[in-house]
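This report concerns only the one structure given below.
Taken together, the values in this text are just the output of simple stated rules run on the coordinates, not laboratory data. These figures come from a predicted structure and were not determined experimentally. Every residue, glycine among them, receives a Cβ derived from its backbone with ideal geometry; neighbour counts consider all protein chains shown.
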Amino acid sequence: MPRRPPRKPDPRLDLSAHLLPLVALPDPFDPASVFPTDAPVELEVGSGKGLFLSSAAAAAPERNFLGIEIAPGYARMIAGRLANAGLVNARIIQGDAGFLVGSLLPDACLAGMHVYFPDPWWKARHRKRRVLSEPFLLQAGRTLAPGSVLHVWTDVEEYFLEAMAAARATGLFGEPRVEEPTAPAHDLDYRTHFERRTRLAGMPVWRAALERSSVPSPVPRVTSSPQARTSGPPARPPATDSEPADRAAPPPASDSGP
Ligand SMILES: C[S@@+](CC[C@H](N)C(=O)[O-])C[C@H]1O[C@@H](n2cnc3c(N)ncnc32)[C@H](O)[C@@H]1O
């Protein structure tokens with residue numbers, strides 16, 4: 001099912017407090033610095049339409065929620081949603097999560113991380129674009145405080161198993177704990193838009209919570225060049241607001257080769 005173009009926010013809304021361009025962030029970037037309170041900060045990678053960010057921020061005002069979304073139109077849509085709801089404990093960054101996590105965030109600055117329904121990049125030659133790779137998970141482990149939790153949910157079993165193996169290989173997380181779905185109390189009572197879509201279609205979802213152990217991170221923050229901020233991860237096309245062509249369904253066997 002193709003993704004509709006993002007809804008444009010009401011032009012009368014001031015998005016400046018909620019929408020943060022990655023290119024404008026300092027290096028290093030203390031995520032607590034963009035919130036009015038010093039509460040623990042949780043990061044969501046690939047926020048899509050912003051359902052998780054807005055509902056988590058409304059449900060837990062004692063925590064701060066930062067999202068990062070690479071598609072500019074979706075990032076604006078999320079900022080509109082957060083501004084409209086008057087949520088002071090949620091912000092969205094427009095840019096590449098790999099750069100934010102690998103190069104800008106200091107060690108142990110996050111109290112949680114959420115990766116919901118990351119793009120699967122089905123074709124073998126596109127696999128290197130998957131967000132949940134071992135190098136990303138090493139950097140995620142570096143930025144997460146001991147005892148904090150990384151949540152990974154997806155509708156792609158093969159990607160889920162690959163991500164769990166990569167997380168284990170980092171040596172920074174405990175064994176995955178299965179997260180159980182809850183019965184929705186209303187039409188938008190899902191963790192994310194993609195969870196809603198997948199469950200309403202009767203398809204399975206794989207969910208895990210991985211606790212960051214106290215093992216010290218073996219990797220340092222990656223020193224960045226100013227160019228890296230705008231170019232995104234290697235071998236990735238420019239970010240657009242359309243769904244990747246291979247998002248919705250696995251390719252036929254003949255389409256999976258390089
Ligand atoms: C399949 S959608 C899932 C959206 C949302 N998490 C949900 O479950 O409804 C994946 C999202 O991740 C975003 N994304 C992909 N790669 C990214 C990256 N490197 N940095 C930030 N966002 C990214 C895409 O633009 C897209 O909005």
Practice prompt. Rank the residues Trp153, Trp206 as a footprinting-exposure proxy: fewest other Cβ atoms within 10 Å of their Cβ go first.
Written response: Trp206, Trp153
Discussion item. Using 0.36 nm times the number of residues separating Asp38 and Arg127, minus their current alpha carbon distance, what extension gain do you get?
Written reply: 28.3 nm
Item to complete: Just rank Leu172, Leu19, fewest to most, by other beta-carbon atoms within 10 angstrom.
Response: Leu19, Leu172
Discussion item. So if I take the centroid of the Cα atoms in segment 98-127 and the same for segment 176-212, what is the distance between those two points in Å?
Written reply: 19
Worksheet item: Normalised by the residues of segment 19-230, what does the relative contact order come to in percent, with Cα pairs under 8 Å and at least six apart?
Response: 22
Response to the item:
Using alpha-carbon positions, the gyration tensor of segment 10-110 gives root eigenvalues a ≥ b ≥ c; with a/c under 1.5 called rounded, otherwise prolate if a/b exceeds b/c, else oblate, the class is oblate
Worksheet item: Rounded to the nearest 5, what % of the DSSP beta bridges within segment 19-230 are antiparallel ones?
Response: 30
Discussion item. Which trypsin sites (Lys or Arg not before Pro) in segment 138-197 sit in a loop by DSSP (not H, G, I, E or B) and have at most 16 other Cβ atoms within 10 Å of their own Cβ?
Written reply: none
Worksheet item: For the chain, what is the convex hull volume of the alpha-carbon atoms per residue, in Å³?
Response: 131
